[in-house]
Every structure is written in structure tokens, then in C-alpha cells.
Amino acid sequence: MMYSRKITNALLIGMLVFYYAALHAQKLEQLDHYLEEVYENHIIPGFSVVVVDKNGPIYQQGFGKKRLDLSAPFTENTVCGIGSLTKSMTAMAIMQLVEQGDLELDTPVVKYLPQFRTANREKSDKVTVRMLINNTSGLQGSPHPTYDISDSALEKLVQDLSSTFIIHEPGTVYEYSNLAFSVAGYLINQVSGLPYKEFLEQRIFAPLGMKNTSTDPERFEEIGALEGHYYGIPEAYPADREQHFESGEYIPAGSMTRSTARDLGSYLTALLNQGRLGNIQVLSGESITQMWTPNSSFPGLSREEGGDDKPIDYGLGWMLSEIEGRKIVHHGGSTGKMSSMTMIDRTNSIAVTVLANIDLTFIDQYKYPTIFALTNNILHIVTGNSISQFGRPIIADPSLNDFHLDTAIKEKYTGEFIQVGGGDFWVYYGLTMNIVHQENKPLEAILTRGGNTINHFELDFVTPSLAIGRNMGTPHRLRFKLTPEGEVKGLFSYGVEYVRTSLKRTQDFERIHMKSIASFLLPKHWELQELPNGLIGKDPENSDTHIRLYADKALITGEHTIRNGDDVHATSYQSHWFSERVGQYVWKHQSRVLSGNEKEICTTFISEMDTMPFYLEITSDSKKHTLVLQQVASIVLHSLQLYGSYK
């Protein structure tokens with residue numbers, strides 16, 4: 001009788017195991033079907049998904065292509081940008097230093113970084129380590145980027161804070177701050193003695209076996225990192241890497257980090273297991289609990305946006321929400337051309353990350369599900385629940401209108417506009433906007449930088465001075481600068497100011513083509529002399545004003561010396577080298593007084609585009625030099641376009 005009962009129990013257990021295995025397989029099949037539908041009906045060129053429980057990955061898959069212009073598939077091993085998910089890793093690194101006694105969360109940062117001070121030092125002295133990683137430091141703004149990816153970039157950023165003001169009392173107000181996490185990155189460097197990139201590699205990535213995860217741009221080619229796509233009509237544009245615009249200041253905040261779904265599966269598994277993966281302990285359970293404990297809060301999704309009006313809390317490097325009865329730890333990431341979303345369902349001990357090679361954070365949510373909504377639905381499916389509409393707006397796009405711009409005046413808006421100020425240097429910098437008009441079609445705007453199309457959208461006018469940009473991204477406003485006569489002088493979009501290049505300041509210029517290397521605008525009346533890989537332009541009305549342009553590695557002697565045959569400019573005084581963005585590229589520039597003529601000044605600009613050095617030297621009388629820089633050099637630099645073999 002006992003023997004028979006054992007057989008019955010074993011049979012029952014076997015049936016239950018089979019039943020749960022079949023149920024599990026059914027959920028994953030449903031997930032596969034859902035994600036296939038997402039790919040077919042969305043505008044995502046490619047994406048990957050990883051789902052884990054405490055035992056590790058239960059699903060990892062890729063969909064679509066790495067790039068629209070290539071056939072290579074997007075897989076769970078494809079290396080994609082993760083954006084601000086990096087903040088959770090920066091917070092983990094801080095907590096590792098806390099655990100080993102090198103940092104205290106509630107100690108002022110200045111104790112560890114004596115050079116940390118803002119313009120109102122009485123406030124920065126109050127900023128604690130905790131405030132850096134819970135977004136209550138009050139640090140806001142973006143100091144001028146150095147376009148330096150070396151380890152010294154973070155040090156320069158902290159030094160530049162001396163001209164930044166903290167507006168709110170530290171520790172009192174939640175404000176999402178990339179700047180604060182960058183300071184935290186420098187803090188990690190100074191306390192540990194390791195560069196930020198190396199610390200994460202040694203203390204997080206290597207222990208967790210994340211072999212294709214890196215914050216170091218110098219490794220991107222080695223690991224096959226993607227660059228992503230920009231928004232277009234109706235299809236996205238593949239983005240090319242622009243190394244001369246890469247900057248190291250915001251790496252700890254997420255500007256550069258690349259990873260894969262497979263690697264992030266290991267990261268999530270460790271978080272679900274109190275910081276342990278196999279025999280490796282990267283962080284204690286107590287520290288993870290601290291990271292997932294509310295420190296501050298801010299408004300969540302409204303009901304109109306498809307939410308529930310509940311606030312979102314912020315812990316240390318993570319957002320914390322109650323979503324449809326579940327406790328969710330989450331963080332998104334956006335780079336302007338790639339995106340990520342991670343959700344950890346603490347109620348069901350399951351986690352998911354989605355990586356996409358387009359920025360789904362700012363997708364038009366009235367047309368397409370956001371990456372937040374997609375990730376939430378993945379959690380629903382794998383926990384046996386039905387698809388949710390959470391995160392999908394329940395109202396129509398409020399920017400829709402019935403205004404029609406008179407066809408007769410559309411031509412007034414067409415032409416080339418160049419960026420002259422503002423902009424987030426991660427994405428919106430060095431831009432040219434061309435507004436074009438095709439018969440019986442809305443006006444269209446095309447944003448370009450070098451060989452990249454950054455954005456392409458239709459203009460839906462609300463008034464003659466206000467238009468809505470519409471494509472696959474979030475509808476955005478463009479405000480035009482109009483004269484009383486209706487002339488379009490410029491515009492503002494995404495916080496960027498543009499001026500129209502067809503205004504008087506360039507009407508006396510013409511585009512010069514320098515062999516197969518580049519083209520740029522120069523005054524029409526200037527005399528030109530061709531040189532090997534360069535040219536000289538002279539103002540016949542001012543013999544002391546001339547410009548030299550070169551594009552050749554052989555012209556370099558030393559680090560920044562330009563040589564034309566035996567003609568080397570000797571100087572009696574020279575300034576430091578400065579770095580700034582002008583036009584499409586980043587330039588280092590220096591001014592110097594030429595020996596033998598104390599009234600003559602020469603300013604040299606140097607930039608490296610796609611490993612190709614390009615130089616501009618402009619010389620003039622000292623009294624006119626500033627004017628020449630503004631009226632000639634600025635237009636040359638803004639209008640410069642590389643092409644041919646050097647593009």
C-alpha cells in the first residue's frame with residue numbers, strides 16, 4: 001500500500017512538473033508571437049529582449065536588423081546603446097565603495113573632492129554623495145563639452161562647475177541630473193584610484209561575465225557596437241559614428257555605454273539574487289535594498305497619458321513605481337538614436353530589458369507603443385497576464401489642428417538654416433536645417449550634420465510663426481522669427497537656435513570646392529590660389545587679410561604646427577589652445593601675434609574629421625581680426641562640408 005502511494009505521489013509530481021513546463025513554454029510562445037507583431041507593426045529597425053528570473057535567462061531573442069541598410073540581424077548578442085541605465089551601474093559602483101568603507105552616503109562630496117565647488121559654494125558644500133545619485137543635488141546644466149574621451153574629461157567637468165549655480169537647496173527637490181552622475185563618476189575615480197571606465201570593467205562587467213559591455217569608446221569597434229538610427233519620414237535613417245563629437249564628461253550618466261541583451265541578463269540575474277551571480281558577489285543585498293528604497297518622488301504618468309496619476313519614486317540610480325498592482329524597479333535610457341528600458345518586477349521576481357536601435361523613448365506615443373509600454377507588456381505575458389494599455393495615451397494628440405498655411409507664402413520658409421546656439425550636445429549640435437517645398441505637399445525640414453541625416457519631418461503650421469514637426473518621433477514645436485513684413489530670419493527647435501544663411505551676411509559668398517576634399521563658403525570677390533591639398537584666399541581690398549585651408553596629414557609637424565613648404569609662422573606671443581564646436585565639427589583654435597609685425601594676428605583652427613586633419617588659418621590686422629573671424633571664419637567653419645574620399 002505504501003509502495004503504491006509513493007508511485008502515485010511521484011506520478012502527481014511528474015504531472016505537475018510537466019504541466020508547469022508546458023505552461024511556461026506557452027507563455028514564451030505567446031511572448032514570441034507578441035514581439036513578432038511588434039516588429040511587423042512598429043517602426044523599430046531592430047531590437048532585442050532578455051527576460052530573467054532568479055535562475056537566469058528564460059528568454060533572450062533579437063528581432064529585425066542591426067541597420068536598415070544592411071542585412072545583418074539584430075540578436076541577443078548585438079551591442080547597443082543603453083543610455084541612462086548606466087546610472088544604475090554608477091550607483092552600484094558608489095555602493096561598492098560604501099561597502100568597503102571608502103565612502104559614506106551622507107557625507108558632503110567636498111570631503112572626498114576638495115575641488116568640488118559651484119559658483120555658490122555655500123550650496124555645493126552641502127551636496128552629499130547620496131544626493132548625487134538620488135537626483136536631489138541641485139546640479140543642473142551642461143558645462144561646455146571638451147570632446148575629450150580620455151579619463152581627464154571628468155576632471156575638467158568638475159573644474160568647470162565653478163561657474164555653475166545650484167538653484168535649489170541641496171537635498172530638497174528632485175531634478176533629473178546627468179551632471180550629478182558625472183560628478184559621481186569622478187568621485188569613483190578619485191576614491192578608488194581607477195578611471196571610471198576601468199572601475200566598472202573590473203568591479204561589475206568582468207565579474208558578471210559581461211564581455212561585450214563597455215563605457216569605453218575606444219572598444220566600440222572591437223565589440224561591434226551599433227550607432228543606431230535617427231527619425232525620418234516614414235523610415236529611419238542609419239546613423240554613422242562621429243568620433244570627433246564624442247565626449248567623456250557624461251559617460252557615468254549614460255552617454256556612451258554599450259551592452260547586449262545577453263550581458264544585461266547577467267546583470268539583472270545578480271540584482272534578483274541579492275547581488276550574487278553564481279559564486280560572484282558584486283554587491284550585498286542590503287546595498288541593493290538601499291538602492292531600491294525611495295529617496296524622493298516626482299509626478300508619474302497622468303491618466304491622459306495612459307497612466308494612473310501615481311507618483312514615481314527615485315532611489316539610488318533606479319526609479320521605483322507601483323504599476324498595476326506590482327512593485328516595479330525601472331530605468332530607461334536614451335541616446336537620441338538608441339534606447340533601452342529595464343523593469344524589475346519585485347512582486348514576481350522577474351526582470352526584463354529591451355534594447356532598440358532607435359530612440360523609442362521619444363517615439364510618437366499617439367501612433368506607436370513606447371519602449372516603456374512594450375517592456376511592461378513583456379512582464380505581463382511572462383507572468384500569465386493579458387496585454388495592458390498602460391502607458392498608451394487615452395486622448396488624441398493635442399497638437400492636432402486645422403490651420404492651413406497659405407500656399408503662396410510657403411516659399412518664404414524654404415532655405416538653409418544653420419545652428420548658432422543652444423542644443424543638447426549629445427544629439428543636437430553642429431546642425432544645418434534645410435526646409436524644402438514640393439508641390440502639393442507640406443513643407444519638410446531635413447536636419448543634417450556631416451554625412452548624417454539627424455532628423456526629417458513635416459511642418460504642420462498652427463500659426464504663421466508656430467509649426468509642429470511631425471514624423472515618427474514625438475511632435476515638437478518650431479517657433480519662427482519673423483519680421484513685420486513676414487520675412488523668416490530664423491527659428492527655434494528643441495532648444496536650438498537657427499539663423500537663415502540666405503540673409504545678407506552670406507549673400508556675397510559663394511561655395512568653393514577644394515578638389516575632391518571639401519567645400520565651403522568664401523567671399524565672392526576674394527582671390528584664390530590652389531595649393532597641394534589646400535588653398536589660399538586673399539581679400540584684394542585688404543592685402544593683410546588672407547585665409548589658408550589645408551587637409552593633409554603630411555602638413556603636420558609636431559602636435560599643432562602647420563607648415564606650407566618652408567614657410568613656418570614664427571610668433572612673438574600665442575594663446576592657449578581652446579576647444580569648441582563650430583558648424584558641423586569640433587575645432588581646437590589658437591591665436592598668435594606674428595613675429596616682426598606686432599599689428600598682425602593669425603588664428604589657427606584644427607579639427608580631425610574621420611581621422612582626416614583639416615586646418616584653417618586666418619590672418620589679418622589686429623584691429624580688424626575679430627570682425628574677420630565673425631564675418632569670414634565663422635561662415636567658413638559653419639559651411640564646411642567634407643566629401644569624396646575623405647567623407
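Overview of results
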item	result
Matching entry among ALA206, ALA261, ALA253, ALA225 (being surrounded by fewer than 20 Cβ atoms within 10 Å (Cβ to Cβ) and of a type in the set (Gly, Ala, Ser))	ALA206
The range 250-277 residues that are in the same structural domain as THR86 (by TED's automatic domain parsing) and assigned to a loop (DSSP other than H, G, I, E, B), paired with ones that are among the aromatic types (Phe, Trp, Tyr) and at pLDDT below 95 (beta carbon under 6 Å, 6 or more apart)	SER255/TRP426
Contacts under 7 angstrom Cβ, first residue in the range 31-44 being under 15 Å from ALA356 (Cβ atoms), partner assigned to a helix (DSSP H, G or I), 6 or more apart	VAL38/LEU374; ILE44/LEU360
Test: residue in the range 351-360 that is more than 22 Å from GLU227 (Cβ to Cβ) and assigned by TED's automatic domain parsing to the domain that holds SER259	yes
Residue in the range 207-230 that is farthest from VAL282 (Cα to Cα), counting only those that are acidic (Asp, Glu) and touching a residue at least 12 places away in the same chain (Cβ under 8 Å)	GLU227
Candidate set: the range 342-370, residues that are of a type in the set (Ser, Thr, Tyr) and part of a loop (DSSP other than H, G, I, E, B); chosen: the one nearest to the chain's Cα centre (by Cα)	THR370
Of residues in the range 345-362 being buried (at least 24 other Cβ atoms within 10 Å of the Cβ) and either without any contact (Cβ under 8 Å) to a residue 24 or more places away in the chain or of a type in the set (A, V, I, L, M, F, W, C) (or both), the one farthest from SER321 (Cα to Cα)	ILE358
Residues of the range 272-307 that turn out to be over 28 Å from the mean Cα position of the chain (by Cα), surrounded by 14 or more Cβ atoms within 10 Å (Cβ to Cβ) and of a type in the set (Ser, Thr, Tyr), as a count	2
Residue within the range 240-259 that is over 25 Å from SER182 (Cα atoms) and in contact with a strand residue (DSSP E or B) (Cβ under 9 Å, 6 or more places away or on another chain) present	yes
Matching residues in the range 308-320 - criterion: being under 25 Å from the mean Cα position of the chain (by Cα) and either loosely packed, with under 14 Cβ neighbours inside 10 Å or not β-branched (Val, Ile, Thr) (or both)	ASP313, TYR314, GLY315, LEU316, GLY317, TRP318, MET319, LEU320
Failed condition for VAL127, given (1) among the aliphatic types (A, V, I, L, M); (2) under 20 Å from ASP160 (Cβ atoms); (3) under 25 Å from the mean Cα position of the chain (by Cα)	(3)
Test: residue in the range 388-400 that is assigned to a strand (DSSP E or B), exposed (fewer than 14 other Cβ atoms within 10 Å of the Cβ) and either of a type in the set (Val, Ile, Thr) or in contact (Cβ under 8 Å) with a residue 40 or more places away in the chain (or both)	no
Residues within the range 93-116 that are touching a residue at least 40 places away in the same chain (Cβ under 8 Å) and farther than 19 Å from LEU283 by Cα, tallied	5
Search result, residues across the range 50-70 that are out of contact with any strand residue (DSSP E or B) (no Cβ under 7 Å at 6 or more places or on another chain) and either acidic (Asp, Glu) or modelled with pLDDT of 95 or more (or both)	LYS54, ASN55, GLY56
Yes/no for GLY307 being within 30 Å of ARG449 (Cα to Cα) and touching a residue at least 12 places away in the same chain (Cβ under 8 Å)	no
Residue count for the range 108-138, restricted to those that are surrounded by fewer than 16 Cβ atoms within 10 Å (Cβ to Cβ), modelled with pLDDT of 95 or more and aliphatic (A, V, I, L, M)	0
Selected residue [over 26 Å from LEU268 (Cα atoms), assigned by TED's automatic domain parsing to the domain that holds GLN290 and of a type in the set (Gly, Ala, Ser)] from SER162, SER182	SER162
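The values are calculated or read from the model by the stated rules, or taken from the named source; none is laboratory data. Predicted model, so just to flag it, every value in this text is computed and none were measured. Don't worry about glycine lacking a Cβ; one is built from the backbone with ideal geometry, like all the others, and counts go over all protein chains shown.
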